[in-house]
Amino acid sequence: MRIYIAILAMLLPAAAWAHPGHGGSGFISGLAHPFSGLDHVLGMLAAGVWAARSDGIRRWIILAAFLGGMLAGGMFGLNGIVPPFIESAVAASVLASALLVALAMRLPLPAQAGVAAFFALWHGIAHGAELPTMAAPLGYACGFLAATAVLLGSGLALGSMLRNNQRDRWLGAGIAMLAVTLFGT
């Protein structure tokens, strides 16, 4: 029961599905952004849970690839390279990540790292594109990467706790159901 309360507590700050401005600028604004949308929270949690299915250094490589994809995407978004379908791409990456967890997909490490980086790219573009005009880009990037690391770590911890009894697959299915609702926003 405690695990369900912890999950609920993590999702409450993300109850607003929109991505409003975050007041302030730089690091604090970047730190707040990933928690401002259910799409980002679910996507990063799902990526962490998926990485938890791997052992040893593999899980850290997957998480590092996700952070690298976020950074690359952030650079695209910051420079105005934002496709018109960005919100759909983010939602699709959340759904796909959740399905990878629900189906307990195991891929070779290069493919798994590539998929994680590709999914993160879309989230990064959205983060970079929504950079407040007054924010310092470097501080903002550091903030959203730190928040992403926290969410990935939370997913990793959650996935590690649930992995041995296959409950992580149920969590993936639940995230997938929530992800479907993201397409209507």
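For the reader, a short list of remarks on this structure follows.
- Residues in the range 1-50 that are farther than 14 Å from Ala179 by Cα, at pLDDT below 95, part of a helix (DSSP H, G or I) and small (Gly, Ala, Ser): Ala6, Ala9, Ser29, Gly30, Ala32, Ser36.
- Selection status of Leu99, in contact with a Lys or Arg (Cβ under 9 Å, 6 or more places away or on another chain) and surrounded by fewer than 22 Cβ atoms within 10 Å (Cβ to Cβ): no
- If you check Ala120, Ala96, Ala111, Ala116 for being under 29 Å from Asn165 (Cβ atoms), of a type in the set (Gly, Ala, Ser), at pLDDT 95 or above and out of contact with any helix residue (DSSP H, G or I) (no Cβ under 9 Å at 6 or more places or on another chain), only one passes: Ala111.
- Count - residues of the range 52-63 that are modelled with pLDDT of 95 or more and surrounded by 16 or more Cβ atoms within 10 Å (Cβ to Cβ): 4
- Test result for Gly128, in a helix (DSSP H, G or I), among the small types (Gly, Ala, Ser), under 16 Å from Pro34 (Cα atoms) and within 11 Å of the chain's Cα centre (by Cα): no
- Filter pass, Gly74 being touching a residue at least 40 places away in the same chain (Cβ under 8 Å), over 16 Å from the mean Cα position of the chain (by Cα), on the phi < 0 side of the Ramachandran plot and not in a loop (DSSP other than H, G, I, E, B): no
- Which listed residue is part of a helix (DSSP H, G or I), more than 13 Å from Leu45 (Cβ to Cβ) and not small (Gly, Ala, Ser), from Val101, Val115: Val115
- When residues in the range 134-185 are screened for being within 20 Å of Gly69 (Cβ to Cβ) and of a type in the set (Val, Ile, Thr), 3 of them pass.
- Residues being farther than 21 Å from Gly37 by Cα and not aliphatic (A, V, I, L, M) - total across the range 78-111: 4
The values are calculated or read from the model by the stated rules, or taken from the named source; none is laboratory data. Computed from a predicted model, the values in this text were never measured in an experiment. Quick reminder, even Gly has a Cβ in these numbers, built from the backbone with ideal geometry, and neighbours come from all protein chains shown.
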